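Chemist: This is the structure I want to talk about, given as structure tokens.
The values are calculated or read from the model by the stated rules, or taken from the named source; none is laboratory data. No experiment lies behind these values; they were computed from the predicted model shown. Here Cβ is always computed from backbone atoms with ideal geometry, including for glycine, and neighbour counts include all displayed protein chains. When the accessible area is computed, the model is the full protein with side chains, heavy atoms only, and any ligands, DNA or RNA have been set aside. Shrake-Rupley method; radii C 1.70, N 1.55, O 1.52, S 1.80 Å.
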Amino acid sequence: MDKESLEQARELVENANNIVILTGAGISAESGIPTFRGDQGLWKDIRPEDIATPEAFAKDPKFVWEWYDLRRQTIIEAEPNPGHYALVELENKKEGFTLITQNIDGLHKRSGNKNIIEMHGNIWQMRCTKCGHIYFDYEVPLKQLPPSCKKCGEMTRPNVVWFNEIIPMSTIDACVIAIDNCDVMLIVGTSGVVEPAASMGLMAVRTGKKVIEINLDTTPGTGLYHLSLRGKSGEILPEFYKHTKGYN
Ligand code: BV8
Ligand code: ZN
């Protein structure tokens, strides 16, 4: 990755008062959690678009829960990586900081970030299909599939947003307001395929924000953004602090 772009990005991040971060599965890849697409994705034989849907769940809730239980078993073993911790540093240093994540693994919370919008939900939360009760359940592996609601005993689902499900307007509004108020937006480890997250970078560009992408590959947004840093987020994000006073 070229030093010049990294230096430019470091300056922009350093001088920004208000920053928004949008993360995808790529930021958790170095923690050992497989991404969705691309050759290292674990789900080669399963397209997320075919199983992470209300239709798949209605057809065979046990099969869908087996997939989530498998992912929970992978995630529980994973540790946040330097990329996650660099975002905690950033939040501690910035006046305005919002972390929008598409990830449901909960690693941003575990690493210590506070102002997080989990726009696709959280794999550790169950939601009752009958009474709507939402609660955290960290049991791994799950003894009963599908799990029963702790309150009413009916079947639960993962409290995540599936394909063709609406993301609550309050969540979208919070993302739009954060982007509207920021000077700089970092887009980290997302293939830019899934809407509405994929359009957020463009929204920032259109409203005059400096958008910096960090990814191993190019994405549909690469040509539009102010800077595109090619490399691992776990190596690039900490670079933003290597030369900052007071950061050791
Ligand atoms: C909605 C939760 C209104 C569940 C997820 C046709 C065209 C356009 C849009 C649509 C369409 N048809 C339908 C739609 C809408 C649909 C959509 O976008 N479909 C896509 C697939 C075409 N969106 C929706 O349905 C959304 N709701 O729009 O409501 C509506 C209602 C009804 C009908 C229509 C519209 C809801 C979407 C939410 C889906 N839920 N997750 C779960 O996880 O089980 S999405 C899922 O994909 C994950 O959340 C994941 O985060 C997300 C996005 O993937 P990425 O995070 O980008 O991961 P990916 O593997 O793709 O990429 C990883 C990247 O990291 C790569 O670029 C790689 O190079 C990079 N990388 C890897 N390692 C590293 C790295 N980078 C840096 N460092 C590294 N070390
Ligand atoms: Zn219930």
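Chemist: Which of (1) at negative phi; (2) surrounded by fewer than 17 Cβ atoms within 10 Å (Cβ to Cβ); (3) not hydrophobic (A, V, I, L, M, F, W, C) does residue 210 not meet, given it meets every other one?
Modeler: (2)
Chemist: Determine which member of the set 91, 77, 66 is in contact (Cβ under 8 Å) with a residue 12 or more places away in the chain, charged (D, E, K, R) and within 24 Å of residue 20 (Cβ to Cβ). Please lay out each step first, then the result.
Modeler: Working: 77 fails: within 24 Å of residue 20 (Cβ to Cβ); 66 fails: within 24 Å of residue 20 (Cβ to Cβ).
Result of the check over 91, 77, 66: 91.
Chemist: Sticking with this structure for a sec: Search region 93-121 for residues being of a type outside the set (Lys, Arg) and over 10 Å from the mean Cα position of the chain (by Cα), and hand back the single one that is surrounded by the fewest Cβ atoms within 10 Å (Cβ to Cβ).
Modeler: In the first step, residues of region 93-121 are kept if they are of a type outside the set (Lys, Arg); the result is 95-108, 111-113, 115-121.
Restricting the remaining residues to those that are over 10 Å from the mean Cα position of the chain (by Cα) gives 95-98, 111-113, 115.
Details: 95: 8, 96: 15, 97: 23, 98: 23, 111: 18, 112: 14, 113: 23, 115: 15.
Once the filter is applied, the top-ranked residue is 95.
Chemist: Of the residues 89, 139, 165, 79, which single one is more than 16 Å from ligand 2 (Cβ to nearest atom), out of contact with any strand residue (DSSP E or B) (no Cβ under 8 Å at 6 or more places or on another chain), within 24 Å of residue 10 (Cα to Cα) and open to solvent by 20 Å² or more (accessible area, probe 1.4 Å)? Write out each step before concluding.
Modeler: On the way: 139 fails: within 24 Å of residue 10 (Cα to Cα); 165 fails: within 24 Å of residue 10 (Cα to Cα); 79 fails: within 24 Å of residue 10 (Cα to Cα).
Only one candidate passes the filter, namely 89.
Chemist: Could you tell me whether residue 90 is more than 15 Å from the chain's Cα centre (by Cα) and within 16 Å of residue 238 (Cβ to Cβ)?
Modeler: Values: more than 15 Å from the chain's Cα centre (by Cα): yes; within 16 Å of residue 238 (Cβ to Cβ): yes.
So residue 90 fits the description; yes.
Chemist: Among the residues of region 48-58, is any on the phi < 0 side of the Ramachandran plot, open to solvent by 40 Å² or more (accessible area, probe 1.4 Å), of a type in the set (A, V, I, L, M, F, W, C) and modelled with pLDDT of 90 or more?
Modeler: There is at least one residue in region 48-58 that is on the phi < 0 side of the Ramachandran plot, open to solvent by 40 Å² or more (accessible area, probe 1.4 Å), of a type in the set (A, V, I, L, M, F, W, C) and modelled with pLDDT of 90 or more.
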